[in-house]
Amino acid sequence: MIERLIVALDGSPLAERALNYAVPIARGIGAPVLLLSVVPDAPARRAAQDYLARLAQTVAQSGVAVNATVSEGDPAQIIDGGARPDRDLVVLTSHGASGAGRWAYGSVAARVVEEGKAPVLLIRPWFAYAGLLADGRRKALVVPLDGSPAAEAAVPVAVELARGLDGEVVLVGVVDQEPATPTGTVLWGVAPAQPPVEDEEVVRGYLDTLVARIREPSLPVDRAVRVGAPAAEIADAARDANAALIVMATCGGNTPNPGLGPVARELLHQDNRPVLFVRPG
C-alpha cells in the first residue's frame, strides 16, 4: 500500500512536471507528499529550502498534505535511501536541469529506477497528455504481463492507483513471433510456443484468469492480446487505451537480476508516456 509519495526535484521547470502526476495520485489515494531536493553542499541549502517552501504552498492549496526536505550528498542514494520499499512511491522526471544535465535519465533517474527498492514513477517531461489531471476522462492504467509472478507484482499497485483515481486497469499480454530462442515463446519467455492462433488463446486465457481475480464492482478491468515485438506492442496498446501511465515490473520472466529488462528498456524508447516501475518482492 502506498502511504507517501516522494517527489524528487532539482529546481528545474522540467522536474516540476512530476507534480502534475504526484498531486492527483496523492489526492486520489489519500497519501501525503514529500518534496525532496538534494544539493551538493551547505551553501546551496537555503536556496533549495526557499524553493521547496514555495512549491509546498502550491501543493497544500490543492488539498494534499505536504512536507519538504533538503539533503546534501549523492542524489540517487538520498532518494533511494529515504524511500520505504513497501510504503513509498518515488516520482521524478526523466530529465531535469538543462535536459541532459545532472538529473537526466542515464544518471540520477536511471540509478533510482535500476537500483532503487521502492516503486518509481518516471515522468517523461515532453509527454503532452497529462492524463491524471481532472479532465473528466476515466484514467486507464496499462499493465504489461509476461506470465511470470515477477511481472504480476505490478498488478496490485495498478489496482490501488486505479481505485483512487476512478480509473481502469488494462492488462496487456504480447505473443512474440520473433523469439530469441529457436523453440519460440508464449509472451516473453514463459512457455514453449504453439502455432500463433493457439499462442493467442493461451495468452487470452491467462489474462482472463487475472481479470476475474481482480475485478470488482467499482473497478473496470480489461485485457488486450497483441502479437509482435513486445515493447512496440505494449506502446501501441497504451496509445490505443489513451493510457495515463504504464505500470510494470522492473524485471519479468525468471530473470534474477535487478533493474530493467530488455522489454522495459526498449519501451522507454517506444513511447513517451509515464511508466511506473515496480520491483518484484
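For region 20-33, name all the residues that are crowded, with 20+ Cβ neighbours inside 10 Å and touching a residue at least 60 places away in the same chain (Cβ under 8 Å). The answer is Tyr21, Ala22, Pro24, Ile25.
When Leu5, Leu36, Leu14, Leu89 are checked against the criterion of being surrounded by 13 or more Cβ atoms within 10 Å (Cβ to Cβ), within 21 Å of Gly116 (Cβ to Cβ) and touching a His at 6+ places or on another chain (Cβ under 7 Å), a single residue qualifies: Leu14.
Among the residues making up region 59-87, those that are under 16 Å from Leu5 (Cα atoms) and without any contact (Cβ under 8 Å) to a residue 12 or more places away in the chain are Ala60, Gly81. Residue by residue through region 41-67, note down the ones that are in contact with a Pro (Cβ under 9 Å, 6 or more places away or on another chain), within 17 Å of Asn20 (Cβ to Cβ) and surrounded by fewer than 17 Cβ atoms within 10 Å (Cβ to Cβ). Selection gives Ser62 alone.
Residue count for region 118-129 satisfying the condition of being of a type in the set (A, V, I, L, M, F, W, C) and at pLDDT below 90: 3.
The values are calculated or read from the model by the stated rules, or taken from the named source; none is laboratory data. Because the structure is a prediction, the values reported are computed rather than measured. Quick reminder, even Gly has a Cβ in these numbers, built from the backbone with ideal geometry, and neighbours come from all protein chains shown.
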